[in-house]
Amino acid sequence: AQLKPPSLPPFLPPLVFCGLLCIGSMALAALLPLPGAFPLPSGTVAPPLVKPSLRSASLRARGVARERAACFSEASSGPSTFATAAVAAAAAFATAASSSMSERRKKRRVICQAEIVDVDVLPAIGAVEAVLAKLRQDGSPLRNKTMEYVKEPKRSLLQQAVADALPQLGGRSVAEALVQELRVSGNFQTTDKAEVGAAVLCLMMGGMDEAHNLVTPHSQASPTIFGGPAKHGSTMKREASYCHIIVHRNEGSNPGEMGSGFKNSKYWISSTFPAGEIHPIWPALKQAAEELAEASSGFAHREARGALKSMGTWNPLKFNSLCEQAVECEDEEMLAWCSAVQSRELSLLFEHIVGKVPAKR
């Protein structure tokens, strides 16, 4: 009798074919580079995070292998050991390939996140130093400017003052960029501290409404349409109130919330510093004011020296009176002295918020 070659089970060829096809597709997918795996050219902005498509492909392949194994198991009453091993190998390879891609995808995701953080943070880097540099160069003049009392002021001097000094802000305001940069720096551990510090920086550049919007929730118990809800228990209430004094001093003779800006400033002085209470920066501020008054022999400087001598310790009410007198009389010499003292005051207040103790020279 002629011997016939043994016949293969009918389910084995398609099973082997499917297994080899699955293995080949997984091997090819594992070798392909992930989207965005190559370094970006210099100066290119990183794209937003894209959900990798290889994950869904891997999961689909693994699911297909398992479904086919189940189908072949049901179709045969007793699948051969080779068929079972082939299906198991295909499923195992799909799992391993998925795990490998998951690791690669995880690394890429970290890289993408780092790039996105850089895109978000880089525009704010240097914002604080840019403001301080402009203060050292130009000072912070005593302004007699009307405030808008709105959340987004339209006539702000702040954006104009730093437009050339700051890089792109990615749609954020200068105030937001300053708060963000201070928040991530080592000297500003809390949002309260960052917001009040940013308010002082805004004031340096003439951003009176921006500064007012930042400090009002920290220093006022009731909500406002421009500052938002009150921040009860703020750790920076006194410094925010001090900033409030300077905001309304710069509002000057213009009408505001409580009469003129000078009147409102006096109210904040009385409520922030009751009789006998002093602020840590005042000794250094008074010394700076005396040195500035000694720098010239003009009439206004002689008047300033007399006022400083009668103060004893620094008296913010008397300084406000000198500022008001300078504005009303349009005394340029006195205005220049008041502006120089105010510039030093803002610098000392910011250093105090940062944590540097101002020392007498």
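The values are calculated or read from the model by the stated rules, or taken from the named source; none is laboratory data. Bear in mind the structure is a predicted one, so any value in this text is a computation, not a measurement. With ideal geometry, Cβ positions are generated from the backbone for all residues, glycine too; neighbour counts draw on all protein chains shown. Accessible surface areas use protein heavy atoms only, side chains included; no ligands, DNA or RNA. Shrake-Rupley method; radii C 1.70, N 1.55, O 1.52, S 1.80 Å.
To keep it simple, each residue is scored yes or no on (1) in a loop (DSSP other than H, G, I, E, B); (2) touching a residue at least 60 places away in the same chain (Cβ under 8 Å); (3) charged (D, E, K, R).
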residue: Ala289; (1), (2), (3): no, no, no
residue: Leu308; (1), (2), (3): no, no, no
residue: Trp314; (1), (2), (3): yes, no, no
residue: Leu322; (1), (2), (3): no, no, no
residue: Glu328; (1), (2), (3): no, yes, yes
residue: Glu333; (1), (2), (3): no, no, yes
residue: Val341; (1), (2), (3): no, no, no
residue: Leu349; (1), (2), (3): no, yes, no
residue: His352; (1), (2), (3): no, yes, no
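Scanning region 227-245 for residues that are in a loop (DSSP other than H, G, I, E, B), in contact with a Ser or Thr (Cβ under 7 Å, 6 or more places away or on another chain) and not aliphatic (A, V, I, L, M), we see that the one that is nearest to Ser271 (Cα to Cα) is Thr235.
Only one of the listed residues (Ile269, Ile245) is β-branched (Val, Ile, Thr), in contact with a Leu (Cβ under 6 Å, 6 or more places away or on another chain) and within 24 Å of Gly206 (Cβ to Cβ). That residue is Ile269. Here is the figure for region 336-361: residues that are of a type in the set (D, E, K, R) and either modelled with pLDDT under 95 or within 23 Å of Gln189 (Cβ to Cβ) (or both) total 4.
Is at least one residue of region 267-288 touching an Asp or Glu at 6+ places or on another chain (Cβ under 6 Å), at pLDDT 95 or above and under 20 Å from Pro141 (Cβ atoms)? Scanning region 267-288 turns up at least one residue that is touching an Asp or Glu at 6+ places or on another chain (Cβ under 6 Å), at pLDDT 95 or above and under 20 Å from Pro141 (Cβ atoms).
Quick grid of which residues meet (1) farther than 24 Å from Asn144 by Cβ; (2) charged (D, E, K, R); (3) touching a strand residue (DSSP E or B) at 6+ places or on another chain (Cβ under 6 Å):
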{"position": "Ile278", "(1), (2), (3)": "yes, no, no"}
{"position": "Trp282", "(1), (2), (3)": "yes, no, no"}
{"position": "Leu285", "(1), (2), (3)": "no, no, no"}
{"position": "Ala304", "(1), (2), (3)": "no, no, no"}
{"position": "Ala307", "(1), (2), (3)": "no, no, no"}
{"position": "Gly312", "(1), (2), (3)": "yes, no, no"}
{"position": "Leu322", "(1), (2), (3)": "no, no, no"}
{"position": "Val327", "(1), (2), (3)": "no, no, no"}
{"position": "Glu333", "(1), (2), (3)": "no, yes, no"}
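Scanning region 340-359 for residues that are open to solvent by less than 20 Å² (accessible area, probe 1.4 Å) and closer than 15 Å to His301 by Cβ gives a single hit, Val341. Restricted to region 140-160, and to residues there that are open to solvent by 30 Å² or more (accessible area, probe 1.4 Å) and not in a loop (DSSP other than H, G, I, E, B), the residue that is modelled with the highest pLDDT is Leu157.
Checked against (1) within 19 Å of Ile281 (Cα to Cα); (2) part of a helix (DSSP H, G or I), Gln180 meets all criteria but (1). Taking the listed residues Ser260, Ser253, the one that is open to solvent by 10 Å² or more (accessible area, probe 1.4 Å), within 23 Å of Gln325 (Cβ to Cβ), touching a residue at least 40 places away in the same chain (Cβ under 8 Å) and among the hydroxyl-bearing types (Ser, Thr, Tyr) is Ser253, with no other qualifying.
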